[in-house]
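Take a look at the structure set out below.
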Amino acid sequence: MKSAVETLNPTRVRLTVEVPFEELKPSLDAAYKKINQQVSVPGFRKGKIPARVIDQRFGRGAVLEEAINDALPKFYTEAVSEGELNVLGQPDVDITEFNDGDELKFTAEVDIRPTIEIPDYSGIEVTVDAVEVSDEDVEKSLEELRERFASTTTVERAAAEGDVVVVDLEASVDGNVLEDGVASAVSYTIGSGQLLDGIDEAVIGLEAGGSATFTSSLKGGSAAGSDADVKVTVTDVQARELPALDDDFATLASEFDTLDELREDSRGRLSRMRQYDQATDAQEKVLDALIELTEVPIPEKLLKDEIQTRTHNLEHHQFPQMGLDWDTYLEREGKSREEYDAELETQAVKGIKTQFILDELVNKEKLSVNQEELTEHLMRRAATSGMTPDQFAQAVVEGGQVPMLVGEVARGKALAVVVEAAKVTDTNGEVVDLEDEEDEDASGEGAEDEAEAEESDAAVEADAKA
């Protein structure tokens with residue numbers, strides 16, 4: 001076999017491959033054997049039909065076609081190996097010349113990973129928000145905690161903002177009650193916005209036993225996206241009472257004995273959360289700066305496939321879960337389809353560039369991933385997926401996704417190298433030492449923020465996948 005590589009552009013090549021007919025013999029033998037197992041000829045046992053009989057009965061062309069289909073992947077792979085190409089996706093193959101007994105010639109056009117020159121990133125400078133926690137922030141945090149410990153008491157009066165009402169609901173579309181549009185004894189806090197649009201105005205002023213009808217766009221169910229007439233009947237009105245903000249509340253809501261101790265703990269927790277947010281913001285800004293500095297050609301087919309994949313996931317996975325279609329989704333986002341498509345392409349381009357750059361950095365810095373790092377990453381991913389570590393690990397192994405996880409960890413380490421080399425200052429002009437913050441997290445502090453950290457990790461990993 002002979003092969004040659006022609007560069008069409010920085011991200012695409014054409015392979016020209018020539019295969020002598022004698023090198024097709026293993027595939028021809030396999031084709032005869034396969035056809036032997038699939039057909040029956042009177043006078044011959046199955047699997048024992050001579051090649052000449054198969055040629056006579058079914059045509060030599062059928063055998064050659066089967067042989068070429070078997071041989072092409074092997075010869076294509078050999079040509080890729082000979083050309084030392086890092087290919088992306090599937091090739092477009094064209095058989096240019098072939099006659100029985102003669103040489104097979106074919107071409108294969110395929111995207112390749114572009115050659116990237118990593119620039120000097122030591123001069124990257126970014127600015128992030130300073131970590132500041134005001135007294136107002138602390139008091140707001142305590143108020144939110146009080147809300148969680150609120151008690152309710154049934155009252156004999158009309159419902160008002162902030163009350164909890166227990167309601168029965170009946171939704172109709174075009175005069176027909178929906179099978180999945182009936183619910184009883186639903187508890188709802190007026191003003192929370194966690195049920196149906198329009199329900200607040202309908203129930204305010206109603207006493208127990210009162211009813212009202214309002215129109216609302218359904219977010220889920222069999223009539224998702226439709227406007228429905230909703231009858232709401234209030235069966236109970238409950239006033240919410242917040243506990244007093246004192247030492248007794250501190251004992252009730254935490255492990256602390258005094259309100260001052262709870263207040264100080266809240267300040268520290270908010271500070272750790274904002275330090276984590278600051279570090280995440282620094283990573284994103286450093287990554288953006290690195291992308292801006294680096295010339296990265298984008299393979300057109302890879303970009304098209306990435307956009308199609310993201311759109312498919314939205315339409316066939318996220319939309320059904322949220323009870324949305326394109327019209328309701330775009331209305332909720334306040335965008336046109338053209339604006340959404342433009343943003344999606346921008347996100348896809350960034351994701352592809354991120355992977356290419358960080359993978360090149362992994363090679364340049366000779367970064368590796370050890371078992372402990374992979375296990376830690378797997379456990380974080382398992383937590384965000386809602387699976388146990390064992391379940392997630394089994395799914396990863398069965399799906400052949402271990403290399404993908406290793407790549408995610410390696411890219412994370414590559415980004416950490418760039419962040420460490422960058423100069424990060426806050427809005428007060430102070431230099432931010434991200435390494436110290438990472439050490440604090442590693443020592444066990446900031447455990448309350450673990451869920452937020454996992455969500456951020458998942459977002460960075462998603463951006464890094466092409």
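The values are calculated or read from the model by the stated rules, or taken from the named source; none is laboratory data. What you see is a predicted model, and the numbers here were worked out from it, not measured in a lab. Note: ideal-geometry Cβ built from the backbone for every residue, glycine included; neighbour counts use all protein chains shown.
Please go through (1) in a helix (DSSP H, G or I); (2) modelled with pLDDT under 95 for Met387 and return the number of the only condition it doesn't satisfy.
(1)
Name the residues in the range 261-298 that are of a type in the set (Gly, Ala, Ser) and closer than 17 Å to Thr346 by Cβ, would you? Spell out how you get there, then give the answer.
Residues of the range 261-298 that are of a type in the set (Gly, Ala, Ser), as a first pass: 266, 268, 271, 279, 282, 289.
The answer is Ala289, and nothing else.
Taking the conditions exactly as written (over 25 Å from Ile298 (Cα atoms) and in the same structural domain as Lys285 (by TED's automatic domain parsing)), does Tyr340 satisfy them or not?
Details: over 25 Å from Ile298 (Cα atoms): no; in the same structural domain as Lys285 (by TED's automatic domain parsing): yes.
In short, no.
Yes or no: Tyr76 of a type outside the set (Gly, Ala, Ser), surrounded by 18 or more Cβ atoms within 10 Å (Cβ to Cβ), touching a Pro at 6+ places or on another chain (Cβ under 7 Å) and not assigned by TED's automatic domain parsing to the domain that holds Val286?
Working: of a type outside the set (Gly, Ala, Ser): yes; surrounded by 18 or more Cβ atoms within 10 Å (Cβ to Cβ): yes; touching a Pro at 6+ places or on another chain (Cβ under 7 Å): yes; not assigned by TED's automatic domain parsing to the domain that holds Val286: yes.
Yes: the conditions hold for Tyr76.
Within the range 180-188, identify whether any single residue is without any contact (Cβ under 8 Å) to a residue 24 or more places away in the chain, under 30 Å from Phe249 (Cα atoms) and in a loop (DSSP other than H, G, I, E, B), and answer yes or no. Can you show your working first?
Within the range 180-188, the first condition is being without any contact (Cβ under 8 Å) to a residue 24 or more places away in the chain, and the residues that meet it are 182-184, 186-187.
Imposing the further condition that a residue be under 30 Å from Phe249 (Cα atoms) reduces the set to 186-187.
Pick out the ones that are also in a loop (DSSP other than H, G, I, E, B) and you get none.
No, there is no match, as no residue in the range 180-188 is without any contact (Cβ under 8 Å) to a residue 24 or more places away in the chain, under 30 Å from Phe249 (Cα atoms) and in a loop (DSSP other than H, G, I, E, B).
Test each condition in (1) closer than 29 Å to Ala223 by Cβ; (2) of a type outside the set (Ser, Thr, Tyr); (3) loosely packed, with under 15 Cβ neighbours inside 10 Å for Leu330 and report the one that comes out false.
The number of the failed condition is (3).
Kindly indicate which of Glu156, Glu170 is assigned to a strand (DSSP E or B) and either within 32 Å of the chain's Cα centre (by Cα) or not aromatic (Phe, Trp, Tyr) (or both).
On the way: Glu156 fails: assigned to a strand (DSSP E or B).
From the options Glu156, Glu170, the qualifying one is Glu170.
Do we have Asn36 as surrounded by fewer than 16 Cβ atoms within 10 Å (Cβ to Cβ) and outside any loop (DSSP other than H, G, I, E, B) here?
Details: surrounded by fewer than 16 Cβ atoms within 10 Å (Cβ to Cβ): no; outside any loop (DSSP other than H, G, I, E, B): yes.
It is false that Asn36 is surrounded by fewer than 16 Cβ atoms within 10 Å (Cβ to Cβ) and outside any loop (DSSP other than H, G, I, E, B).
Could you tell me which residue of the range 245-262 is farthest from Leu145 (Cα to Cα), considering only residues that are part of a helix (DSSP H, G or I) and touching a helix residue (DSSP H, G or I) at 6+ places or on another chain (Cβ under 6 Å)? Walk me through it before giving the result.
Going through the range 245-262, the residues part of a helix (DSSP H, G or I) turn out to be 247-253, 259-262.
Pick out the ones that are also touching a helix residue (DSSP H, G or I) at 6+ places or on another chain (Cβ under 6 Å) and you get 247, 250, 253, 259, 262.
Numbers: Asp247: 14, Ala250: 10, Ala253: 8, Leu259: 12, Leu262: 11 Å.
Taking the candidates together, the pick is Asp247.
Pick from Ser216, Ser222: which is part of a loop (DSSP other than H, G, I, E, B) and touching an Asp or Glu at 6+ places or on another chain (Cβ under 9 Å)? Even if it seems obvious, please write down each step before you answer.
Working: Ser216 fails: part of a loop (DSSP other than H, G, I, E, B).
Just one listed residue meets the conditions, Ser222.
Which numbered condition trips up Glu84, out of (1) surrounded by fewer than 16 Cβ atoms within 10 Å (Cβ to Cβ); (2) over 41 Å from the mean Cα position of the chain (by Cα)?
Among (1) surrounded by fewer than 16 Cβ atoms within 10 Å (Cβ to Cβ); (2) over 41 Å from the mean Cα position of the chain (by Cα), the lone unmet condition for Glu84 is (2).
What tally of residues in the range 342-382 results from selecting those that are touching a helix residue (DSSP H, G or I) at 6+ places or on another chain (Cβ under 8 Å), farther than 15 Å from Met404 by Cβ, in contact (Cβ under 8 Å) with a residue 24 or more places away in the chain and surrounded by fewer than 18 Cβ atoms within 10 Å (Cβ to Cβ)?
Final tally of qualifying residues: 8.
Yes/no per residue for (1) charged (D, E, K, R); (2) outside the structural domain of Val93 (by TED's automatic domain parsing); (3) closer than 17 Å to Leu72 by Cα; (4) in contact with a Cys (Cβ under 9 Å, 6 or more places away or on another chain):
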position: Thr7; (1), (2), (3), (4): no, no, no, no
position: Thr11; (1), (2), (3), (4): no, no, no, no
position: Pro26; (1), (2), (3), (4): no, no, yes, no
position: Lys33; (1), (2), (3), (4): yes, no, no, no
position: Val39; (1), (2), (3), (4): no, no, no, no
position: Gly43; (1), (2), (3), (4): no, no, no, no
position: Gly47; (1), (2), (3), (4): no, no, no, no
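Show the residue pairs that are 6+ apart or on different chains and have beta-carbon atoms under 6 Å apart, the first residue being within the range 16-36 and within 24 Å of Lys46 (Cα to Cα), the second being surrounded by fewer than 17 Cβ atoms within 10 Å (Cβ to Cβ) and small (Gly, Ala, Ser).
Tyr32/Ala51; Asn36/Gly47
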